[in-house]
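Asker: Questions regarding the structure given below will be posed in turn.
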Amino acid sequence: MVHNKKSVIAAMGLFAALAGGNVSAALTEVTLTGTNVSYTFYEEELGLLGTASTSGDDLIFAPINFTASSSGLPFASQAIHVTVSANTGYQLSAFSLTESGGYSRTGNDVDVGVTGTFGATDIEGTTGNYIPMTIAADAPFDGATSSWSSLTAINLPATGWGGVDGMVGSVSLLISNQLFATVLAGSTASIYKDFVGVTVVTAPVPEAQTYALMLAGLGLVGFMARRRGSASA
């Protein structure tokens, strides 16, 4: 059923893209605060992700009925956009997405799986700066029943993001999740997601004095290099 699986993933990717672009100004905006960051999203986009809370700088979702099953709905999909904003004195440098769940399957020609996109968009500088990562479970999905988990990470570039000052204070994250369970007659399959968590890595913003020292140091290095170049000539 490899060809069927590819078709399923392609169709679900299109669905997620369409769903992800349907954000209305009339939706209810929610902001949750962490230690060094805050998270803002639309309540109506939670859907199968259930409820959201923070623990330190982690954003935790508790999915509700996020299940795909051959005896029910064979596909389950949910996308949410989350704006991450660093508190004053901090900047964003990396993000990770951890997910987990379980599955069961019987019979032959059974496909269960996890897919999706974890992406980051620069909303302070060039919005063309976008890093997409594929969500993929580490389980082989070849047993009768087991658990699965996935870990997806995004590291922001050292330069080119964050606007004029180069300090990344806000980023828009896309979490687009899909589960699928497809079978032939006589087989059964189900898969569920019970945890979704976002972890943010922050770093202190250098103080103005530190910047001045860095610039002075770079200037001195350049001056010495030019002197050595002139001397050797």
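Any read-out appearing in this document is the output of simple, stated calculations on the displayed coordinates, not a laboratory observation. This one's a predicted model, so the numbers in the text were calculated from it and none came from an experiment. Cβ sites come from the backbone with ideal geometry, for glycine too, and all protein chains shown count toward neighbours.
Asker: Find how much the distance from N87 to L151 grows on full extension, using 0.36 nm per residue of separation minus their present alpha carbon separation; answer in nm with one decimal. Mind dumping the intermediate values first?
Answerer: Details: separation 64, 0.36 × 64 = 23.04 nm, distance 2.56 nm.
The span from N87 to L151 would gain 20.5 nm if fully extended.
Asker: Moving on. Around F66, what is the net charge, scoring Lys/Arg as +1 and Asp/Glu as -1 over all other residues with Cβ under 11 Å from its Cβ? Don't skip to the end; give the middle numbers.
Answerer: Working: positive: K193; negative: E99, D194.
Neighbour charge sum, excluding F66 itself: -1.
Asker: In cubic angstrom, how much convex hull volume per residue do the alpha carbon atoms of the range 2-206 span?
Answerer: Working: hull volume 24.7 nm³, N = 205.
Taking the convex hull of the Cα positions in the range 2-206, it is 120 Å³ per residue.
Asker: Considering the convex hull of the alpha carbon atoms of the range 20-116, report its projected area averaged over all viewing directions, in nm², one decimal. Walk me through the numbers on the way to the answer.
Answerer: Details: hull surface 32.6 nm².
Its Cα hull, projected and averaged over all orientations, spans 8.1 nm².
Asker: Sticking with this structure for a sec: Where Lys and Arg each count +1 and Asp and Glu each count -1, what net charge lies around L48 among other residues with Cβ under 15 Å from its Cβ?
Answerer: Net of charged neighbours comes to -4.
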